[in-house]
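Written below as structure tokens is the structure these notes are about.
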Number of protein chains: 2
Amino acid sequence: MLINEQMIDDIALGATVLGTGGGGDPYSGALMAKVALKNAIKPVEVIALEEVQDTWMTVPSSMIGAPTVSIEKINSESQMLVAFEAMEVALGETAAATFPIEIGGFNSLIPILVAAQKGIPVVDCDAMGRAFPEAQMVTFYLDGLPSAPNTLADEKGNVVTLHPIDGVWSERFARPITEEMGGSAAMCDYPMLGKNLKQSALGGTLTRAMKIGQAIRLANAKGENAVDAILDIVGGQRLITGKIVDIERTTAGGFVTGGVIIEKLNKAGTESMPTDVYVHFQNELLLAHSGSSAGDLNQDSVLASTPDLISILDHETGQPITTEQLRYGQRIDLIAYPCDPKWRTAKGIEVAGPRYFGYDVEYKTIEELAGEIQ
Amino acid sequence: MLINEQMIDDIALGATVLGTGGGGDPYSGALMAKVALKNAIKPVEVIALEEVQDTWMTVPSSMIGAPTVSIEKINSESQMLVAFEAMEVALGETAAATFPIEIGGFNSLIPILVAAQKGIPVVDCDAMGRAFPEAQMVTFYLDGLPSAPNTLADEKGNVVTLHPIDGVWSERFARPITEEMGGSAAMCDYPMLGKNLKQSALGGTLTRAMKIGQAIRLANAKGENAVDAILDIVGGQRLITGKIVDIERTTAGGFVTGGVIIEKLNKAGTESMPTDVYVHFQNELLLAHSGSSAGDLNQDSVLASTPDLISILDHETGQPITTEQLRYGQRIDLIAYPCDPKWRTAKGIEVAGPRYFGYDVEYKTIEELAGEIQ
């Protein structure tokens, strides 16, 4: 499948839904991908995970850092390429393909940029099926694949190559380096042979994002409900239809951390919903519970939690709203839907479940929680 | 000149004087160097700077981090070798010689360890003529030589390779990585050809340390005054002969920062000395002024300041006391003596003068200040 501008827009839109509030600004990502596509050395092809050859060296392309910073900071077009080629130097071989490490607005489009510049295909997969805030929160880490080497590059020309002993050390080094690089950086980690990629990556996630984007676009064109169209694809449910009444947000340690308070709208269909919902985020939306403050969190108030996906969508258009776009007064639908089964294993919950992020509650699947509510 | 155990002890002692309170624990450094010497693949030779061939690749060996941490943390014997060999990989060539980046207790001995393990000579030189707390405070930076690449290694097996755009960026990246590595790390930076080393390094500094150590040892053996023996070599003066009455110390950001208050002893020869002296440190002793608190600092109260050297010596034995060994009640001589002329240039003062460290005073040489006092 050859990528065109419409597909880039659809991926940007859909990946922002699956990006659960994070993954970077989709619109600047789409712009960069389109410019790269125009100047591509050959058409950019998206290939299925099954098409990857066992012996190929594959390298993901992504940006790391707080999404609020990535919007304000001008990323150089060559920055990602510098990190990618530093990886090729560290490996002593060239990459046959690239892919997104996560499905988030900006980060799902960056591989298209690299593919266009290098003349290599993008693999239709990622290592999260969503966006997560830390570098070790990838299926590759769950499967025990080595993170090393890692490369980071900034727009000033600084390049750092890490050989961490595991993915947790990768995160420990990459985060302060990203801070020094100005809050966001191009990063490559988990280079691997096609054989390993096929075993560990989540296939079809890039085209899943594209289908969601397409569904939003078509629903709006036809005057249909775009939120319903999204739920048809992702299989989740509305937690609340409401208005944003407060946002708490701090940018520190390379993250945007905070919470958003949503008050129910008086509308048909909202009768069974809670009056207020509080959503916690760390770049991504991580946990939603009933109540109007962070202190209302307890095992019984939880409505949805990481690793399941939580997205905030514009109530009228279904447009996803990233954490940095959240504003007082926005009318939204808060939806939650299942993560990939890999995240529901004991290891998956340990790595990206609520307790890892400091929420003292047990993980229950969105399906379980929906059952309890009914 | 072939290194023996006595020379290691003399270097440890003398380098701790020139280390101006920092440079890491000399005794664990001496121990590691002696063990390495016993297991050396061939005798370890110290060669003069002039003997270095223009085409040799030379790589310094050093530890980075807060000295208090390097005492408490067990450094693996192979850690320095890992950083050194990561540098050879980054350069794509083997190193023909190593050398100390600074003359400080631990850091002047680490090259002997590497030399023993690699079978290469140690060059009798360094890039400070003393110890300084930050990675860009080297003559190589003053001379515009590139810092990149840099390598860091911890005792757990983590390795980081930096390609910073200059020495200041090297410091900006290396410091938080060192923090993550547990507060101290093996580091190689400023790899260079022999041609550049001969132009920019300060020659003879390792043997200068050895001569100072030897002088202390011999003075004590003969019952002579060791502080006088040191001053005969370094050409400085006693600022105060006194007792340590307070120490303020915090370990943060990869540094040990604080101050020490010294009260004059009532002894013959101390008549012209101030009643109290306050010495500021950041790993190394950086500025001494009359008065009993940090607030007494002003242009007129300064007695000696970075880049000139300040050392605290045991009053009876002339044994140097590092910042982490400072204790209430110690009877000491505080001495100050001239730095290398390279540090007295406009660039040298900008990089390592008092204002860089946040002291709002103009740099005056110890000779100027001594003239004002008389």
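Please treat every number below as a calculation from the coordinates, not as lab data. Keep in mind the model is a prediction, meaning the values are calculated, not measured. Neighbour counts are summed over all protein chains in view; Cβ atoms, including those assigned to glycine, are modelled from backbone coordinates with ideal geometry.
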**Report entry** Cα-based convex hull, the range B:72-138, per residue volume (Å³, whole number)
**Finding:** 103
Report summary line: Measuring from its Cα centre, the range B:118-228 shows a charge dipole (+1 at each Lys and Arg Cβ, -1 at each Asp and Glu Cβ) which, in debye to the nearest 20, is 440
Query raised in the report: Using a cut-off of 17 Å between alpha-carbon atoms, which lysines can reach B:LYS342, once sequence neighbours fewer than 8 places away in the same chain are excluded?
Result: B:LYS198, B:LYS364
Query - Dipole magnitude of chain B about its Cα centre (Cβ charges: Lys, Arg +1; Asp, Glu -1), debye to nearest 20 - result: 460
Requested in this report: Assign one of three labels to the range A:257-317, namely rounded, prolate or oblate, based on the Cα gyration tensor with a ≥ b ≥ c the square roots of its eigenvalues; rounded applies when a/c is under 1.5, prolate when it is not and a/b is larger than b/c, and oblate otherwise.
Outcome: oblate
**Report entry** Helix A:79-91 axis, angle to chain A major axis (alpha carbon atoms, nearest 10°)
**Finding:** 60
**Report entry** Eligible lysines near B:LYS38 by straight Cα distance, threshold 21 Å, same-chain separation 8 or greater
**Finding:** B:LYS118
Query - Cross-link partners of B:LYS195 among aspartates and glutamates (Cα-Cα below 16 Å; sequence separation of 8 or more within a chain) - result: B:GLU50, B:GLU51, B:ASP54, B:ASP124, B:ASP126, B:ASP143
Report task. Quote the relative contact order of the range B:261-305 in percent (integer), defining contacts as alpha-carbon pairs under 8 Å separated by 6+ residues. Result -> 30
Report task. Place the label 7 angstrom along Cα→C-beta at B:GLN199 and in each other copy, then list the distances from the first to the rest in nm, shortest first. Result -> 5.3
Report summary line: Taking Lys and Arg as +1 and Asp and Glu as -1, residues besides A:ALA148 with C-beta under 9 Å from its C-beta add up to -2
**Report entry** Stokes-Einstein diffusion coefficient of the range B:225-373, Kirkwood radius over Cα pairs, 25 °C, 0.890 mPa s, in µm²/s
**Finding:** 160
Report task. Taking the Cα centre of the range B:225-373 as origin, work out the dipole magnitude from +1 charges on Lys and Arg Cβ and -1 charges on Asp and Glu Cβ, in debye rounded to 20. Result -> 220
Query raised in the report: In degrees, nearest 10, range 0 to 90: what is the angle between the Cα axis of helix A:167-180 and the longest Cα principal axis of chain A?
Result: 90
Query raised in the report: Anyone know which of B:ALA346, B:ALA294, B:ALA15 comes out most mobile in the 10 Å Cα GNM of chain B?
Result: B:ALA346
Report summary line: Treating every alpha carbon of chain A as one equal point scatterer without solvent, the Debye formula yields log10 I(q)/I(0) values at q = 0.10, 0.11 Å⁻¹ of -0.56, -0.69
Query raised in the report: If each Cα of the protein assembly as shown is one equal point scatterer, what is log10 of I(q)/I(0) from the Debye formula at q = 0.07, 0.09, 0.10, 0.12 Å⁻¹?
Result: -0.59, -0.85, -0.95, -1.15
Query raised in the report: Which percent, nearest 5, of DSSP beta bridges in the range B:5-205 are antiparallel?
Result: 65
Report task. Give the shape of the range A:5-205 as rounded, prolate or oblate, defined through the alpha-carbon gyration tensor: a ≥ b ≥ c are the square roots of its eigenvalues, a/c under 1.5 means rounded, and otherwise the shape is prolate if a/b is larger than b/c and oblate if not. Result -> rounded
Query - Cα-based helix-to-principal-axis angle, B:5-18 vs chain B, degrees rounded to 10 - result: 50
Query raised in the report: Is it possible to state the helix-based mean residue ellipticity at 222 nm for the protein assembly as shown, with each DSSP H run of 4+ residues giving -39500 (n - 2.57), the sum divided by total residues, to the nearest 500 deg cm²/dmol? What is it?
Result: -9500 deg cm²/dmol
Report task. Report the antiparallel proportion of the DSSP beta bridges in the range A:48-166 as a percent, rounded to a multiple of 5. Result -> 40
Query - Shielding by partners, peptide A:160-169 (average Cβ within 10 angstrom, other chains) - result: 6
Report task. Place +1 on the Cβ of every Lys and Arg and -1 on the Cβ of every Asp and Glu in the protein assembly as shown, take the dipole about the Cα centre, and give the residue among B:ILE165, B:THR178, A:ALA229 whose Cα lies farthest towards its positive end. Result -> B:ILE165
Requested in this report: Return the whole-Å distance between the Cα centroid of the range B:269-298 and the Cα centroid of the range A:110-159.
Outcome: 53
